[in-house]
1. Compute the Cα gyration tensor for the chain, then decide on rounded, prolate or oblate, letting a ≥ b ≥ c be the square roots of its eigenvalues: rounded whenever a/c is under 1.5, prolate when a/b is larger than b/c in the other cases, and oblate in all that remain.
2. Among 504-513, 167-176, how do they line up from the highest to the lowest mean number of other beta-carbon atoms within 10 Å?
3. Would you mind telling me the share, in percent, of accessible area of segment 158-251 contributed by carbon and sulfur at probe 1.4 angstrom?
4. Name the long-range amide H neighbours of VAL670: under 5 Å, sequence gap of 5 or more, or other chain; modelled H, no Pro or chain starts.
5. Compute the FRET efficiency between ALA249 and THR215 as 1/(1 + (r/R0)^6), taking r as their Cβ-Cβ distance and R0 = 25 Å, and round to the nearest 0.05.
6. Suppose R0 equals 60 Å. What FRET efficiency, 1/(1 + (r/R0)^6) with r the Cβ-Cβ distance, do LYS647 and THR9 give to the nearest 0.05?
7. Please list, in chain and number order, the residues 5+ apart from TYR155 or on another chain whose amide H is under 5 Å from its amide H, with Hs placed from the backbone.
8. Gain in length, LYS586 to GLN745, computed as 0.36 nm per residue apart minus the alpha-carbon separation, to one decimal in nm?
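The values are calculated or read from the model by the stated rules, or taken from the named source; none is laboratory data. Just so it is clear, the model here is predicted, and its values are computed rather than measured. Cβ coordinates were reconstructed from backbone atoms using ideal geometry, including for glycine residues, and neighbour counts include every protein chain displayed. Heads up: the accessible areas ignore ligands, DNA and RNA and are worked out on the full protein's heavy atoms, side chains in. Shrake-Rupley method; radii C 1.70, N 1.55, O 1.52, S 1.80 Å.
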Amino acid sequence: GRGEAGAMTIAAAGVLQAHVHVAGAGDVVSLAAAKELNALLARICGAAAPSPVSHDGNALAGPLLVVGRDGPLGQALGAGIDWAALGDDGFVIRSVGRHTLVSGNTPRGTMYAVNWLLDRQLGVRWLAPTATHVPSSPDLSLPRLDVRQVPRFAYREVLSAEGSDAAFAAHNLMNGRSHGPSYAPTAPEIDDWDHSWMAMGGSADFWELLDMKNTQKAHPEWFTGGQVAMMDKGMRAAMAKEVIERLKAHPDYTRIWYNIWQKDWGWDMDAASRAFAARHGGHASAPRLDMMIDIAEQVRAVMPGARFAMQAYSWGYTPPEGMSVPDHILIFPMTIHVDYSTPLNAGRNQQLGADMVGWTKLAKNVQVWDHIANWAGFLQPTPNIFPIGDSIAWLAQQPGLRGYFCEGNWNSAGCEFGALRAWLIARLTWDPTQDPRAMVTEWCSLYYGKAGPEVRRYIDLMHASAAQTRDVLGQRYTPDIAMYSFDFVTAADALFDRAEAAVAGDEALLKRVRQARMPIDNLILLRRSEFAATAAARGTAWDAGTVARRARFDQAVTDNQVKEYLQGGRIADLQAALDIERTVAKPDAKVAGLPASDWADIQDLSFLRFDSAKTVADPAASDGAAIRMIGKSSTWAIQLQVQHLPKDGLWDLYAAVRVEAEAGHDDEPVVRIGAAPPMSQFNTASGKEMADGAYHLVKVPGGPYHWDDSTGMKTFFSNTFYVQAPAKPWITAIHLDRFLAIRAQAK
């Protein structure tokens with residue numbers, strides 16, 4: 001509408017009054033930003049066509065929105081501004097006389113200035129890569145402004161299918177480009193990213209740098225406990241030499257933080273590393289950091305100015321005592337052991353948050369690597385939206401944290417609220433003082449239209465259910481947790497019925513609602529037999545509506561191009577699992593005569609699946625379903641977390657396994673049933689024991705075990721029970737039906 005006295009009139013009755021101006025010899029990023037500003041102003045006010053963009057020497061009449069500080073007009077309007085203090089991303093929007101300057105110190109800053117003006121002042125919202133809200137306002141004015149913006153976090157990136165969309169990221173003021181998205185250039189008009197960390201050619205892991213495949217035989221002392229012997233001087237020298245060669249091949253090695261990765265599993269420390277750790281609080285991060293400091297010094301002696309990055313992760317997350325980190329080493333704590341149900345400084349995350357802050361006391365350069373997706377269920381309700389917002393607000397209060405990177409679902413588009421999370425995080429990492437709940441309300445209203453209030457209620461419902469049940473929501477959790485109760489899914493289903501009815505006449509909005517509904521449809525289809533039994537026991541009339549629900553789910557999968565339902569799990573595998581008609585599980589003979597309180601049946605919905613593990617129909621299984629994995633791999637393809645044990649007492653665990661293998665291997669192990677830590681603790685069963693193809697119980701070693709409400713991921717595989725094949729080509733497949741938990745004192 002029309003603004004206050006002195007406001008700039010941009011349009012009146014749909015006719016543009018103000019114009020966009022940019023230096024004619026400006027950079028490609030600023031020129032493109034000016035062009036987009038001009039086009040969107042015309043769309044907002046309903047003008048028949050955009051006005052021409054004016055340049056130096058042919059400035060149009062009327063007030064001007066001057067994009068960028070190049071050229072005489074930009075320089076004049078920007079007189080006295082401390083441009084350097086804005087850094088690479090900051091900007092000013094400044095009314096001077098009848099004109100308004102919209103500019104950063106850099107082209108990227110100028111692009112952000114334009115996008116911020118369009119978004120925060122003029123109501124444009126880039127909600128998703130495929131959804132932009134452009135308001136309609138034939139009378140459009142801009143108040144007099146004196147805005148100075150510098151983002152709270154210097155590095156901002158959401159690595160996800162939606163967050164990595166280049167245009168969506170740039171419009172929402174994200175600047176980081178790492179990992180896979182960094183490998184290909186983006187359109188020239190937005191190709192101005194921060195590639196300093198984890199971009200192509202900027203990282204390698206221990207074994208890659210040491211060429212383990214070819215050096216382990218000559219130097220077995222370098223490799224120990226699943227990682228490396230970090231105090232070994234020969235190993236360090238060899239690693240430093242390889243890093244030097246890699247940095248020499250980099251076009252400008254001083255502009256990157258070269259990352260040296262640990263291996264993505266546990267570490268049984270060697271004696272020298274354990275002794276060094278003992279002198280620094282007993283933390284495995286101590287030998288890890290000491291190795292990094294030594295390697296950095298060796299490399300910098302040859303390549304001055306080289307910088308390095310090191311993750312604080314799993315077994316190395318807690319900072320060491322009595323050490324400091326040189327300024328040329330960036331530490332990025334990775335929240336692999338997060339509990340999504342609360343912010344990073346609350347609930348089960350309190351120690352996680354304290355350790356993260358601890359690194360800021362040792363290092364000048366600390367950047368958060370957060371996790372925001374359920375890697376075991378991209379199509380499961382994930383009630384971490386509000387905790388993410390609260391976490392960023394808390395992180396912003398920690399002065400030593402320079403950047404925020406989060407890893408979402410980059411495997412597949414179209415999954416649970418991916419665009420909402422990316423939008424929310426982008427805005428909050430720029431300005432964490434905003435109210436995340438109000439932002440979610442706004443997003444739902446704009447993205448779902450009249451269905452927005454019902455979807456917003458559903459988001460509240462899933463957060464409330466998680467708070468009520470206090471489930472451990474680690475970065476992998478399964479579809480049988482307590483929060484996914486019959487009451488929750490039926491309440492959610494009713495909300496989505498109302499949401500669909502509200503937009504029934506709008507095909508585009510209906511598709512968006514059905515995308516949000518996919519996790520509920522998935523749960524109901526997967527557990528329909530169980531939910532039907534619950535309803536019957538209550539005397540409640542309930543019908544899963546399986547045929548119609550399945551058709552809706554499959555269509556939403558197609559519409560949203562969903563490729564994976566968990567990390568490495570093809571959507572076709574989930575659809576095959578939904579085809580299975582499960583039955584009530586039959587008790588194993590081993591628990592015959594035991595009271596129900598002394599044993600528990602832990603079925604396949606509780607298992608984490610990796611690599612080749614897939615849910616299959618199996619008439620020999622207790623409920624008609626099992627997990628199948630191939631025998632030629634050594635991956636811990638089926639895992640069970642300790643949170644699935646009963647909460648009281650001590651429990652012995654048994655895996656119900658059957659093996660398909662060629663004859664003639666009676667005395668060889670055909671399966672391993674393990675518990676970690678340590679990495680090497682497992683029991684085996686031989687070909688002879690498994691020869692009949694029936695299910696047999698194999699005891700999990702190291703018990704009895706007890707329930708633990710930690711997230712169980714601090715050492716990545718801590719408190720983890722697993723099924724592993726011995727990697728033999730003559731083993732066709734291993735099937736796991738269930739785990740049996742039997743009270744330790746029960747006879």
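1. oblate
2. The packing order, highest mean first, is 167-176, 504-513.
3. So the carbon and sulfur contribution to the accessible surface is 55 percent.
4. Sorted by chain and number, the residues that satisfy this are ALA685, SER686, GLY687.
5. Working: r = 20 Å, r/R0 = 0.82.
Computed FRET efficiency for ALA249 and THR215: 0.75.
6. On the way: r = 66 Å, r/R0 = 1.10.
So, using R0 = 60 Å, E works out to roughly 0.35.
7. GLY403, TYR404
8. Working: separation 159, 0.36 × 159 = 57.24 nm, distance 2.30 nm.
Contour length minus Cα-Cα distance gives 54.9 nm.
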